[in-house]
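The values are calculated or read from the model by the stated rules, or taken from the named source; none is laboratory data. These numbers were taken from a predicted model, which means no experiment stands behind them. Cβ sites come from the backbone with ideal geometry, for glycine too, and all protein chains shown count toward neighbours. When the accessible area is computed, the model is the full protein with side chains, heavy atoms only, and any ligands, DNA or RNA have been set aside. Shrake-Rupley method; radii C 1.70, N 1.55, O 1.52, S 1.80 Å.
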Amino acid sequence: NPLINEVLAAARRGVKIRVLLNDESVFGKISVADKVFTSSKKTTNEKTVDYLNAAAHNEKLNIVAVIADISAMGVNYIHNKGALSDGYKVLISSINWNQNSVELNRETALLIASTDIFRHYEALFESDWENSIERR
């Protein structure tokens with residue numbers, strides 16, 4: 001995945017990375033019951049979280065990845081795909097962070113340079129992050 005490769009490259013340059021991924025069970029791809037009865041079944045996002053956290057551990061990188069706790073966040077799912085960077089850059093995107101979306105789909109993204117917009121999305125992210133790591 002080109003985007004995950006860039007996240008890892010940034011971490012290798014010393015950038016602190018926090019990744020919050022959607023709980024795919026909300027889309028019916030895997031049910032909570034399936035996960036209880038078959039522990040080997042993992043969603044794509046769960047595998048990505050495992051991969052990033054393993055890379056962080058193995059390479060001593062400053063990466064933490066978690067699955068969003070949407071019930072604690074008070075939402076049904078996360079639809080926004082984006083990133084926050086440098087205290088003023090906000091990426092808002094329709095691009096799913098997988099190889100297919102990056103290489104084969106016609107997607108769109110907007111990079112906004114604004115400290116005010118950054119602060120708005122940063123506050124949302126921080127709240128979602130805290131709600132998600134509390135139950136980790």
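List of remarks:
- Under the Karplus curve 6.51 cos²θ - 1.76 cosθ + 1.60, θ = phi - 60°, whole-Hz ³J(HN,Hα) for segment 16-23, x wherever Gly or Pro sits: 6, 10, 10, 10, 10, 10, 5, 7
- Relative protection proxy for 64-71, 12-19, 127-134, from highest mean packing down: 64-71, 127-134, 12-19 (other beta-carbon atoms within 10 angstrom).
- The residues of the chain expose on average 65 square angstrom of accessible surface per residue, using a 1.4 Å probe on protein heavy atoms.
- Accessible carbon and sulfur surface of the chain relative to its total accessible area, %, 1.4 Å: 51 percent
- Whole-Hz couplings from phi, Karplus 6.51/-1.76/1.60, listed for segment 90-99; x for Gly and Pro: 10, 9, 10, 8, 9, 6, 5, 8, 9, 4
- Between ARG13 and SER71, the FRET efficiency from the beta-carbon distance, with R0 = 22 Å, is close to 0.05.
- Modelled spin labels at ASN5 and PHE125, positioned 7 Å past Cα toward Cβ, are 2.3 nm from each other.
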